[in-house]
Amino acid sequence: MKRKARNNIYGLYGGALMEKSKYDTKKSVSRPVCRRCIITRTVKPVSSMLRFVVSPTGEVLPDINGKLPSRGIWVECNRNSLIKAIKNNAFSKSAKQTVNTDDGLVDLCEKLLRKKVCDTISLARRSGMAVNGFEKVKELLKQHNCSMVFSVQNENEELTGSYSNEKLSGM
């Protein structure tokens, strides 16, 4: 039996991929993926949460990139929530099994998050979206073509005054 060709269907039978009509006024709004924190029970976007998984040996591991296979356990991305989750044994309750939480889990999460931030900035530098150096940054700030400025925490007083809010507003 031969199927009739339809003008408004791309590739799949049954009309799964339809051509968008010029009369279709519905706009697709993409909502961020949200998860529930095991401590606060609030629903927040994944970008503001930390994902943890339970390894086959029963250890809780942070999954910063969200790629590890297993059911995710989500905690708000702040130190107090993570400490509270470890104290209240919330990982065992959420995983519905006995799990081991390492004493250095909070420090490990902090270390992995710092590494991810440094890798992201490094990738932005290589692509030309981030610059470093006093003169280059100063020029971008004068052009109002800069959305974020990072500065070293223990820098000289001379350089700290160069990027103060009073001077930036005048540029």
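The values are calculated or read from the model by the stated rules, or taken from the named source; none is laboratory data. Owing to the predicted nature of the structure, the values given are computational and were not obtained by experimental measurement. A quick note on method: Cβ atoms are made from the backbone with ideal geometry, for glycine too, and the neighbour counts reach across all protein chains shown. What goes into the accessible areas is simple: the full protein's heavy atoms, side chains included, and nothing from ligands, DNA or RNA. Shrake-Rupley method; radii C 1.70, N 1.55, O 1.52, S 1.80 Å.
Brief remarks on what is shown
- Selection count where residues are in a loop (DSSP other than H, G, I, E, B) and out of contact with any helix residue (DSSP H, G or I) (no Cβ under 7 Å at 6 or more places or on another chain), scope segment 38-70: 13
- Residue under evaluation His144, criteria (1) within 20 Å of Met49 (Cα to Cα); (2) in a loop (DSSP other than H, G, I, E, B), criterion not met: (1)
- Candidates are the residues of segment 18-46 that are hydroxyl-bearing (Ser, Thr, Tyr) and modelled with pLDDT under 90; the one that is most open to solvent (accessible area, probe 1.4 Å) is Tyr23.
- Residues of segment 52-68 that turn out to be within 18 Å of the chain's Cα centre (by Cα) and free of Cβ contacts under 8 Å to residues at least 24 places away in the same chain, as a count: 6
- Number of residues in segment 71-106 that are open to solvent by 60 Å² or more (accessible area, probe 1.4 Å), farther than 23 Å from Asp119 by Cα and part of a loop (DSSP other than H, G, I, E, B) equals 8.
- Of residues in segment 116-145 being open to solvent by 60 Å² or more (accessible area, probe 1.4 Å) and touching a residue at least 24 places away in the same chain (Cβ under 8 Å), the one nearest to Asn65 (Cα to Cα): Lys116
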